[in-house]
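I have placed the structure first, in the form of structure tokens, so that the comments after it can refer back to it.
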Amino acid sequence: MSSPFENASNFNIEGGTHIYAKNYHHHHYGERPPKSSIEKLRDYIAAGALHNSAERCDAPKCHPETRVAVQDEVVSWICDGDSDDMPKEIMWVTGPAGSGKTAIMGSVADTCQGKGTLGATHFFSSFSGSANRRSKRYFVPTLAYQFIQHKAMTQIAARILSAIDDNPAIFEQNLEVQFDQLILEPLRACRDRPPLPQWPKVILIDGLDECEADQYQDTTRSNPPSRSREDDQIEILTVLKKAASNPGFPFRIVIASRPEHAIKRFFADVAKSLTRELFLDGKYNPDADMALFLESKFANIRRESHLPSSWPGEDVPRTLISNASGQFIYVATVGRFMEVSSGDPEKLLKQVLQLPGFMASTNALAPLDALYTHILSSSPDPPLSILWLNFIFREKYLEKQSWDPDRGPTTRSPAATLVRLYLESYPGQASHAFRNLNSLISIPSMEDDNTPYRLYHKSLVDFLQERSRSGTLYVESKVVLEHFIDRYLHLWKSRGPERSLTPQERKLFFDSFFWYSTVSSVFSKSAEEVSRLDTIILSCDAVWWVKRSVEFEDYWTPETPAAVIWAFCKVHAMVSAIV
């Protein structure tokens, strides 16, 4: 077997020349057949961003008979357009955090699919499921892929696949070029055949404010320029405006987002003549919808707990709705807390009602913050559970950032199993830490090796990262990083997790331990502690790690050998001479 360190080249770390391995060859027999056009396209879509994806199986939807007025207005606009002389081609559904935008968009998508008017959807998400749901890189291919799957758009499908054959590098080009070649030009090519009545009518895009920045700069440069998330969000809006401005473009576009400054300014200035704004405020009577929602939840609890029909009384829903201040996420979280918590429903309800709500008139987030504080404090170990929540959802450590030869830069959220392998000091610690938090996060079973932890709503991340809201529960980013460094070095010294691993767990651990993104997070940000790290690394059982590297060579990614050497060189430069 050839050495994985063949074809080594030099690179520079802080002035010293070291070795890294490149072009690592996986051992296989024969050549892989070339991919078809649709397979190439499939590599660049965010499958979890589709409204009916498995990843969104527990995504919020409007409770029956709630948000009816909002849904009717959106669906009516999609089907019939505006009644005035200046019809709009874009609808912007906006409102504060927790006002129910994603639930409304999910329900509208279901309605439109039932009517045959749904062309494509893209549900961005910065906190749950696949990391590609927060990148613009997959946006246009995901829309194009859905057009190909639409039975009424076979002509367009053939044109899209032909465009990929003609320009295989299309996925590495900017969004305007992608949208032109994969969507606009195929539509133009079919303009001699006008859109038939069964053609879809709308593209739905949710959570645009959760699209995060893709970085392309040379990371070897000091202080390289970087893109902001606003840059990427405006790039998406710009290509959508261009499409909507084209008289031959057959789709209306509905975009839902928080009213962030850059997005709000774009719709108010650049796309004002094309945009109809729908702001989720009191006009749509959210209080009545919340009353229906709470009555349904309380009815379930009465039935399961054998409570009288008068429970919990008329005043309780009114108090909760007042505390919500129009934010559906508040009553939704109360509902989940009541449903998943063990104990007497009456006592649980009293706990919620005794939380601060008097500041709602001046601070609409105060009751929600008090509810989050109460639930987090109910954990058996609040400091640990909050530290881990920050680790997973705020700082997003253990995300896999790598280069795929077919897809380019990719990012993958860590499976819950991997998080447990890194953070647990003893088996079952994660279950202990997250006990009582099922109303805030979706927790995969211990037997599920691939599913990540998921938040029910991004507002929890907002709460965690703002000291003014989380108060004594706030954790600084450097504390989270220090915890990660301590755990990583402990794993190095202790030869991995301190328990026996299943074959799948061994694969997860050894595939991730020397990810370049993991190693660089630990060592690049620990330069001020070189002496401590020097001592730790030199005390490690290097022979054991080398043997494991050989034993688990099949688990390596092409970057693994480079990362192994880079890690050791970063701390102790003499290692390069030994290698």
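The values are calculated or read from the model by the stated rules, or taken from the named source; none is laboratory data. The model shown is predicted, which means the values in this text are computed figures rather than measured ones. Counting neighbours? That spans all protein chains shown, and the Cβs are built from the backbone with ideal geometry, glycine included. We work out accessible area using only protein heavy atoms, side chains counted, and drop any ligands, DNA or RNA first. Shrake-Rupley method; radii C 1.70, N 1.55, O 1.52, S 1.80 Å.
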(Q) Being crowded, with 16+ Cβ neighbours inside 10 Å, at pLDDT 90 or above and either in contact with a Cys (Cβ under 9 Å, 6 or more places away or on another chain) or within 16 Å of PHE127 (Cβ to Cβ) (or both) is the requirement here; does LEU455 meet it? (A) no
Q. Conditions: (1) open to solvent by 10 Å² or more (accessible area, probe 1.4 Å); (2) of a type in the set (S, T, N, Q); (3) modelled with pLDDT under 95. GLN146 meets all but one. Number of the miss?
A. (3)
(Q) Among the residues that make up the stretch 128-138, is at least one of them more than 23 Å from LYS241 (Cβ to Cβ) and touching a Lys or Arg at 6+ places or on another chain (Cβ under 6 Å)? (A) yes
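Here is a yes/no grid of residues against (1) in a loop (DSSP other than H, G, I, E, B); (2) of a type in the set (Gly, Ala, Ser); (3) within 19 Å of the chain's Cα centre (by Cα); (4) over 28 Å from ILE443 (Cα atoms):
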position: THR102; (1), (2), (3), (4): no, no, yes, no
position: ALA109; (1), (2), (3), (4): no, yes, no, no
position: THR121; (1), (2), (3), (4): no, no, yes, no
position: PHE127; (1), (2), (3), (4): yes, no, yes, no
position: ARG137; (1), (2), (3), (4): no, no, yes, yes
position: LEU143; (1), (2), (3), (4): no, no, yes, yes
position: GLN146; (1), (2), (3), (4): no, no, no, yes
Q) Only one of (1) open to solvent by 70 Å² or more (accessible area, probe 1.4 Å); (2) at pLDDT 80 or above; (3) more than 20 Å from ASN390 (Cα to Cα); (4) of a type outside the set (A, V, I, L, M, F, W, C) fails for GLN504. Which number is that? A) (1)
(Q) Looking at the stretch 314-335 only, could you name the residues that are open to solvent by less than 30 Å² (accessible area, probe 1.4 Å) and either among the β-branched types (Val, Ile, Thr) or outside any helix (DSSP H, G or I) (or both)? (A) VAL316, ILE321, GLY326, GLN327, ILE329, VAL331, THR333, VAL334
Q: Among the residues of the stretch 285-294, count how many are part of a helix (DSSP H, G or I), open to solvent by 20 Å² or more (accessible area, probe 1.4 Å) and not hydrophobic (A, V, I, L, M, F, W, C).
A: 1
Q. For the stretch 378-389, how many residues are modelled with pLDDT under 95 and among the polar types (S, T, N, Q)?
A. 2
Q) Which residues, taken from the stretch 79-129, are closer than 19 Å to GLY48 by Cβ, open to solvent by less than 40 Å² (accessible area, probe 1.4 Å), polar (S, T, N, Q) and in contact (Cβ under 8 Å) with a residue 60 or more places away in the chain? A) THR121, SER125, SER126, SER128
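Results for (1) over 24 Å from ILE234 (Cα atoms); (2) at pLDDT 90 or above; (3) of a type in the set (A, V, I, L, M, F, W, C), shown as yes or no for each residue.
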residue: THR154; (1), (2), (3): yes, no, no
residue: ILE160; (1), (2), (3): yes, yes, yes
residue: PRO168; (1), (2), (3): yes, yes, no
residue: GLU185; (1), (2), (3): no, yes, no
residue: ARG193; (1), (2), (3): yes, no, no
residue: TRP199; (1), (2), (3): yes, no, yes
residue: LEU204; (1), (2), (3): no, yes, yes
residue: GLY207; (1), (2), (3): no, yes, no
residue: ALA213; (1), (2), (3): no, no, yes
Q | Selection from the stretch 299-316 of residues that are without any contact (Cβ under 8 Å) to a residue 24 or more places away in the chain and more than 13 Å from LEU349 (Cα to Cα) | A | ALA299, ARG303, GLU304, HIS306, PRO308, SER309, SER310, GLU314
Q: State which residue pairs qualify: first residue touching a residue at least 24 places away in the same chain (Cβ under 8 Å) and inside the stretch 372-398, second residue open to solvent by 10 Å² or more (accessible area, probe 1.4 Å) and charged (D, E, K, R) in any location, beta carbons under 8 Å apart, and separation of 6 or more residues or different chains.
A: SER379/ARG435; PRO380/ARG435
(Q) Quick check on the stretch 336-348. Is at least one of its residues open to solvent by 30 Å² or more (accessible area, probe 1.4 Å), aliphatic (A, V, I, L, M) and more than 27 Å from ALA97 (Cα to Cα)? (A) no
Q: Could you please find all residues in the stretch 224-274 being of a type in the set (Asp, Glu) and either surrounded by fewer than 20 Cβ atoms within 10 Å (Cβ to Cβ) or assigned to a loop (DSSP other than H, G, I, E, B) (or both)?
A: GLU230, ASP231, GLU235, GLU260, ASP269
Q | Total residues in the stretch 249-300, condition of a type in the set (Phe, Trp, Tyr) and in contact with a helix residue (DSSP H, G or I) (Cβ under 7 Å, 6 or more places away or on another chain) | A | 4
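Every residue, every condition in (1) without any contact (Cβ under 8 Å) to a residue 12 or more places away in the chain; (2) buried (at least 20 other Cβ atoms within 10 Å of the Cβ); (3) in a helix (DSSP H, G or I), yes or no:
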| residue | (1), (2), (3) |
| --- | --- |
| SER431 | no, no, yes |
| ASN438 | no, no, no |
| PHE463 | no, yes, yes |
| SER468 | yes, no, yes |
Q | Check on GLU447, modelled with pLDDT under 90, assigned to a loop (DSSP other than H, G, I, E, B) and open to solvent by 10 Å² or more (accessible area, probe 1.4 Å) | A | yes
(Q) So if I check each of GLU424, GLU476, which one is open to solvent by 30 Å² or more (accessible area, probe 1.4 Å) and of a type in the set (D, E, K, R)? (A) GLU476
Q) So which residues in the stretch 497-512 are part of a loop (DSSP other than H, G, I, E, B) and touching a residue at least 60 places away in the same chain (Cβ under 8 Å)? A) PRO497, GLU498, ARG499, LEU501
